[in-house]
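Beneath this line is the structure, given in structure tokens, with notes to follow.
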Amino acid sequence: MTTALILAVLIGAVAGSRTLLAPAAVSWAAYGGWLDLSGSWLFFLGHPISPWVFTAMAAAELVTDKLPNTPSRKRPFPFASRIVGGAIVGAAIGANVGAWVPGLIAGGVGAVAGTLLGYAARQRMAAAFGRDRPAALIEDAVALTIALLVIAAA
């Protein structure tokens, strides 16, 4: 169960960085049979349509994140969305080992950490690069890599 909670924190951190990337990854894992969510309230993540919908929304998020008028992730609604998303995907990782409540909490905590640490890291990288886009693309790559590693380990 400890491994599942660590993975729940990490996938929550992905949601803190990229809100919809985490549910897209978890949905593909559930649909592909790597995560068994069939007996839980999270069964919808494994529905054949879910990974496609979450992937489309994640792709749209990756584009809109680079736009100058996109609000800060630290504003109340974006921050809350990241926490809820992180909690749900953390619950999915936990549910795979019969511990959805601890997974839910771990995913929410990971989302808070991912939001704040991701913001700080991006700000520092953007300052170093003299512009935001390279920092944003690096953040995308890191979030995707972590999501893939979590799903592979789950």
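The values are calculated or read from the model by the stated rules, or taken from the named source; none is laboratory data. Bear in mind the structure is a predicted one, so any value in this text is a computation, not a measurement. Every residue, glycine as well, gets a Cβ built from its backbone with ideal geometry; the counts of neighbours run over all protein chains shown. Please note that ligands, DNA and RNA were not included when accessible areas were found on the heavy atoms of the full protein model with its side chains. Shrake-Rupley method; radii C 1.70, N 1.55, O 1.52, S 1.80 Å.
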key: Single residue of Val84, Val89 found to be free of Cβ contacts under 8 Å to residues at least 40 places away in the same chain and part of a helix (DSSP H, G or I)   = Val84
query = Would it be correct to say that Lys74 is among the charged types (D, E, K, R), touching a Lys or Arg at 6+ places or on another chain (Cβ under 9 Å) and under 19 Å from Ala143 (Cα atoms)?
reply = no
task = Take Leu45 and decide whether it is at pLDDT 95 or above, in contact with a helix residue (DSSP H, G or I) (Cβ under 9 Å, 6 or more places away or on another chain) and under 24 Å from Thr2 (Cβ atoms).
result = yes
query = Out of all the residues in segment 96-154, which are among the basic types (Lys, Arg) and open to solvent by 80 Å² or more (accessible area, probe 1.4 Å)?
reply = Arg124, Arg131, Arg133
inquiry  = Quick check on Lys74: is it open to solvent by 60 Å² or more (accessible area, probe 1.4 Å) and touching a Leu at 6+ places or on another chain (Cβ under 9 Å)?
reply    = yes
request  = Write out, first by first residue and then by second, each pair whose Cβ atoms fall under 8 Å of each other, whose residues are 6+ apart or on separate chains, and whose first residue, in segment 110-132, is in a loop (DSSP other than H, G, I, E, B) while the second is not β-branched (Val, Ile, Thr).
outcome  = Asp132/Lys66; Asp132/Arg122; Asp132/Ala126
